[in-house]
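*Asks:* Before I ask anything, let me first share the structure, which is written out below as structure tokens.
Please treat every number below as a calculation from the coordinates, not as lab data. Bear in mind that the values here come from a model prediction, so they are computed numbers and not experimental data. As a convention, Cβ positions derive from the backbone with ideal geometry for all residues, glycine included, and neighbour counts pool all protein chains shown.
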Amino acid sequence: MDSRQRIDAAIALEPADRVPVSPWLGLFAASYTGISKKEFIFDADKRSAAVLRTAVELGPWDMTYMGENASEAMLLAVPARVYWPGVDLPDDEIHQVEEFELLGPDDYALLQRLGLLRFLREVARRLYPEISVIQGLSLLLSFVLKSRSQARALRAAGVEPAAGFMHPGPLFMYFSIGRSLEPMCRDLYDRPQAVKATGGRWAVAMTRMAIHWARIVGVKRVFLALARASPAFISPAHFEEFVYPELKTIVGMLIDSNMTPVFHCDTRWNGRLEVFKRFPAGKCIIELDDDTDMVEAGTVLGGHMCIKGNVPAYLTAFGTRDEVLDYCRHLIQKVGKGGGFILSTGCAVPANARVENVKAIFEAAEKWGRY
């Protein structure tokens, strides 16, 4: 089987010839290939080449992200203050993100009045008044076209691109950054109707954008951010009231458009994993980091949803090769038995990960992941 067939089999909950391997590449690709973090973020061609070389030389892996989380266009879209390498920081420092109350209570009504695209332009204007509309559109178009080119290059090398669009998730996810978390949580009590009304419009408009974007890039999987919707941040009652209705809309639209939702569930989801059984079987991926018990995830979601994860960042950075191998073997044997599992990292590979530890992830799949 080739990489695409392995990934498709895992999503469909079917066994493949071996467990597919899909670490998340970000700034580690810069470290591995010897380019600066500044170059990785601002130079799309160097970023693409770094991701491709890393995924092939340390595997070849079956699938990886394309460095979107550490690209200029994606970071400009974050409703927060970004400190850039080569601008605010030394060239080889990791970018930093500072949340503050960029968005106010009136911005719920503003989003409803302006619509999604004009609202996002207003948010960008507040953060980057020096960037004109034409410059912003040019950057966006360039990013889309470069993403399509990078996806083709990865596939030519036998590696599947993980996603065609990075969906910020339900409104709570985006506004909890733009409002900052504490004011956003107060809004759930102080102005619940505004949050719900705005969230309904947000979910439909953003998902339409995601579908069109992913089709242009040529990848029928859509990343869906959900970390702050976990019990670590909000109560189950607030999840049901404010997050789940939007999530149901988003997932329904994606599946109806032949897209695979990829739930990115950082933070601890133990005790809430049953929520994901409400979505159609064999149609989604759930990505988990090391805060969530993977054995519990396998028990709850095995046979219903493809589970992806979750080699910890601390282990790839500070552990030994044997520790990584043992962790991967445990995942393969406890979660991967019978299919429906993708061996991956818990979120992105850290920039300071040890090369031998990252390489061990693929080695473990080759050694123990044969069906």
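*Asks:* Taking amide hydrogens as modeled 1.01 Å from N in the peptide plane, which residues meet the under 5 Å criterion relative to A351, leaving out close sequence neighbours?
*Replies:* F28
*Asks:* Same structure again: Around L89, which amide H atoms from residues at least 5 apart in sequence, or from another chain, sit under 5 Å from its own amide H, with H modelled in the peptide plane?
*Replies:* Under 5 Å from the amide H of L89 lie the amide H atoms of W84, each far enough along the sequence or on another chain.
*Asks:* Taking θ as phi - 60°, what are the ³J(HN,Hα) couplings along the range 275-283 by the Karplus curve (6.51, -1.76, 1.60), each to the nearest whole Hz, with x for Gly and Pro?
*Replies:* Going residue by residue, I get 3, 6, 6, 6, 8, x, 5, x, 10 Hz, with x marking Gly and Pro.
*Asks:* Let me ask something additional. Among A237, A124, A205, which one shows the highest mean-square fluctuation when the chain is modelled as a Gaussian network with alpha-carbon springs under 10 Å?
*Replies:* A237
*Asks:* Under 18 Å Cα to Cα from K283, which lysines show up? Leave out anything in the same chain fewer than 8 places away.
*Replies:* Correct list for K283: K220, K248, K308.
*Asks:* Of the candidates S132, S257, S176, which one comes out as most mobile in a Gaussian network treatment of the chain with C-alpha springs shorter than 10 Å?
*Replies:* S132
*Asks:* A follow-up question, please. Which of these values of mean projected area of the Cα convex hull in nm² was calculated from the structure shown: (1) 17.3; (2) 16.3; (3) 18.8?
*Replies:* The listed entry that was calculated here is (2).
*Asks:* Still on this structure, I have one more. V204: net charge of surrounding residues, Cβ under 15 Å, Lys/Arg +1, Asp/Glu -1, itself excluded?
*Replies:* +2
*Asks:* Now for a different question. Can you run phi through the Karplus equation (6.51, -1.76, 1.60; θ = phi - 60°) for the range 47-64 and list ³J(HN,Hα) in whole Hz, with x for Gly and Pro?
*Replies:* Per residue, the Karplus-derived 3J(HN,Hα) values read 4, 4, 5, 5, 4, 4, 4, 5, 5, 7, 6, 9, x, x, 7, 7, 7, 7 Hz.
*Asks:* Right, something else. Please turn the phi angles of the range 137-142 into ³J(HN,Hα) values with the Karplus equation 6.51 cos²θ - 1.76 cosθ + 1.60 (θ = phi - 60°), one per residue in order, whole Hz, x for glycine and proline.
*Replies:* Calculated HN-Hα couplings, in order: 5, 5, 5, 5, 4, 4 Hz.
*Asks:* Which one of G169, L75, L140 has its Cα pushed farthest toward the positive end of the charge dipole of the range 17-175, where Lys and Arg give +1 and Asp and Glu give -1 at the Cβ?
*Replies:* About the Cα centre, the residue reaching furthest to the positive side is L140.
*Asks:* If the only charges are +1 at each Lys and Arg Cβ and -1 at each Asp and Glu Cβ, what is the size of the charge dipole of the chain around the Cα centre, to the nearest 20 debye?
*Replies:* Dipole about the Cα centre, nearest 20: 1140 debye.
*Asks:* A follow-up question, please. What is the magnitude of the charge dipole of the range 211-270 about its Cα centre, with +1 placed on the Cβ of each Lys and Arg, -1 on the Cβ of each Asp and Glu, and no other charges, expressed in debye to the nearest 20?
*Replies:* Roughly 260 debye, rounded to the nearest 20.
*Asks:* I'd like the distance separating the alpha-carbon centroids of the range 90-104 and the range 167-234, in whole Å.
*Replies:* 19 Å
*Asks:* GNM on the chain, C-alpha springs below 10 Å: top fluctuator among T64, T345, T198?
*Replies:* Result for the chain, Cα springs under 10 Å: T198 fluctuates most.
*Asks:* Still on this structure: Could you pull out every residue, at least 5 positions away or on a different chain, whose amide H is within less than 5 Å of the one on V311? Hs are placed 1.01 Å off N in the peptide plane, and Pro or chain starts have none.
*Replies:* Here S344, T345, G346 satisfy the definition.
*Asks:* About the Cα centre of the range 100-209, what is the dipole size in debye to 20, counting +1 per Lys and Arg Cβ and -1 per Asp and Glu Cβ, all else neutral?
*Replies:* 480 debye
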